[in-house]
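Worksheet: the structure to be examined is printed underneath.
The values are calculated or read from the model by the stated rules, or taken from the named source; none is laboratory data. Computed from a prediction, not measured in an experiment: that's the story for all the values here. We place every Cβ from the backbone using ideal geometry, glycine too, and count neighbours over all the protein chains shown. Only protein heavy atoms, including side chains, enter the accessible area calculation; ligands, DNA and RNA are left aside. Shrake-Rupley method; radii C 1.70, N 1.55, O 1.52, S 1.80 Å.
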Amino acid sequence: MPGAVIVHHHTRYKTYPGELTGIVVFSCLIASVAGCIFGYDIGLTSGLTSSEPYMVKFFPSIYEEMKKQVVVNQYCKFDSQILTLFCSSLFLSATVAAFFAGPMTRSFGRKWTLFSAASAYVAGACIGGVSVNFPMLLTGRILVGAGVGISIQAAPLYISEMAPAQQRGMLNIMFQLMITVGILTANMTNYLGSKVPGGWGWRIAVAFGAIPAAVIALGALAIPDTPTSLIERGDTATARKTLLQIRGVGDVREEFDDLSTASEDAKAVESPWRELFFGGKYKPQLTFALLIPFFQQLTGINVIMFYAPVLFKTVGFKQNATLVSSVITGLVNVFSTFVAVVTADKVGRRALFLQGGTQMIISQILVGTFIGLQFGMSGTGDISEQYAMCIVLFVCVYVAGFAWSWGPMGWLIPSEIYPLAVRNAAMSITASVNMFFTAFIGQIFLTLLCHLRFGLFYFFGAWVLLMTLFIAMLLPETKNVPVEEMAHVWKKHWFWRKFVIDTSNDARSAEMRKRIALEMS
Ligand code: BGC
């Protein structure tokens, strides 16, 4: 049966025959667990440094200083750059590792890259969990970071290449869903860990990450590599077999041919990095590869994910209540992600971005204003319970907005817009920029809060406004468009069409017809 055609934004895109099979769902689920180990570390980072036994063991002098500090200004908390640098080390290691992920996914395939990354994570989590000194602790953290950096490059690629175009959004957002589950799990293990008698609960929390990582490593042995990756590495026979198996139909010729053509194009590119940066052909892709992750972090989401307990303490919550509040934001994060899972392939990526962005801007302004009204510029005074509740409420509204916009789209869009020729390299850039700015925001948050005070929320609000306008004007809709057909999307876009060179089959055959006609005349 030949592929059907769907009409979308006045453009006709192919739909290949096939259905969503069990093997695709299973394989994508395994790959999405990579989100879980990433999220787990985001959640764990803040929890560890608030564990007394952990601090006494590894950072005794910083801990002493911290205890001595008397808070006079609510905006200026104890801030040790060394301690935050240690927390950031995981994300800095991931920043570097993500660059190696490109050549790895290209040469060894997505499956084996996932396997290696997960194995590095298991080793790191075990070393971290049994650490008796600082060098061991740091080694564990760097290995875990490498595992995270590599797997967050490979997993979104894997999912988007396995998924049929019609369900790509939903399947890919499972990755983000797992991130949120990871964060929530860490919030809870932090809490439970602090209750373990003997002060070694933090060891359980650190080592616990090895469980999801082992699931990925073992799962990777059971799942097939993507047909694209198999063709890329010259194994066309297995690629055809896999495509037949994952699409669940007898005829996959059309899709297979398109994948092969993409692979031929990719082979003509000697250095994907050079091509991406200097080739001039991939301007929109390069723009999004850099800006999507940068903007995602500039939403300020990790201020909440890393510092929710600090923030809620600032607005006057007691120790236990701060923990409860971070579990509440964690739950809101998980459940709101389902909205994106269900709607991304229906209402499209742009609608979610625009709605979620607007919601985030409004809630950031409100949170900033509530805090400002209560603490003013000096950062002194107490907050009433009603005010504190309002703040928590609007933080939740903000988190929900992120959870169905910049959260999932921050990983979905990059995974679907790069042509194979530069896909591995571009996804490495995306993952690396994301990790770098995750570390950066973590590093400067306390300083920013101390200087910008409640204006910090306006600061991030202004960024969200800017990025929402950017999306409104420059992001074309990509729902339901097969990855291999994405070139048309740029060609139709009012702005990007000036920058893309037509290399599609149609253009090539038109070009060839012209040349033949010329030769004949
Ligand atoms: C981001 C993380 C963030 C998480 C929150 C992810 O998409 O990359 O930085 O902490 O969403 O759920």
| remark: Restricting the stretch 281-321 to residues that are without any contact (Cβ under 8 Å) to a residue 24 or more places away in the chain and surrounded by fewer than 18 Cβ atoms within 10 Å (Cβ to Cβ), the one farthest from G381 (Cα to Cα) turns out to be N320
| message | Any residue at all in the stretch 130-140 that's among the hydroxyl-bearing types (S, T, Y) and within 15 Å of the ligand (Cβ to nearest atom)? | response | no
| field | Residue that is within 13 Å of G300 (Cα to Cα) and within 16 Å of the ligand (Cβ to nearest atom), where the choices are G410, G442 | value | G442
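Could you tell me which of the residues V181, V215 is open to solvent by 50 Å² or more (accessible area, probe 1.4 Å), of a type outside the set (K, R) and within 16 Å of the ligand (Cβ to nearest atom)? Break it down into steps so the answer makes sense when it comes.
Values: V215 fails: within 16 Å of the ligand (Cβ to nearest atom).
Just a single option satisfies the conditions, and that option is V181.
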| query | open to solvent by 50 Å² or more (accessible area, probe 1.4 Å) and assigned to a loop (DSSP other than H, G, I, E, B) - does that describe any residue in the stretch 198-211? | reply | yes
| remark: Restricting attention to the stretch 304-318, the residues that are more than 10 Å from the ligand (Cβ to nearest atom), in a helix (DSSP H, G or I) and not polar (S, T, N, Q) number exactly 7
| Complete set of residues in the stretch 225-261 that are crowded, with 21+ Cβ neighbours inside 10 Å and in contact (Cβ under 8 Å) with a residue 40 or more places away in the chain | D225, T226, P227, T228, S229, L230, E232, I246, R247, V252, E255, L259
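Any residue at all in the stretch 378-390 that's open to solvent by 10 Å² or more (accessible area, probe 1.4 Å), within 16 Å of the ligand (Cβ to nearest atom) and more than 15 Å from V303 (Cα to Cα)?
We begin by selecting, within the stretch 378-390, every residue open to solvent by 10 Å² or more (accessible area, probe 1.4 Å); these are 378, 380-387, 389-390.
Still in the running and within 16 Å of the ligand (Cβ to nearest atom): none.
No: zero hits.
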| From A262, A220, residue being assigned to a helix (DSSP H, G or I), in contact with a helix residue (DSSP H, G or I) (Cβ under 9 Å, 6 or more places away or on another chain) and modelled with pLDDT of 95 or more | A220
| Do any residues in the stretch 347-365 that are without any contact (Cβ under 8 Å) to a residue 60 or more places away in the chain and among the hydrophobic types (A, V, I, L, M, F, W, C) have Cβ atoms under 7 Å from those of residues that are part of a helix (DSSP H, G or I) and open to solvent by less than 40 Å² (accessible area, probe 1.4 Å), where the two are at least six apart or on different chains, and which pairs are they? | L352/A340; L352/T343; L352/M409
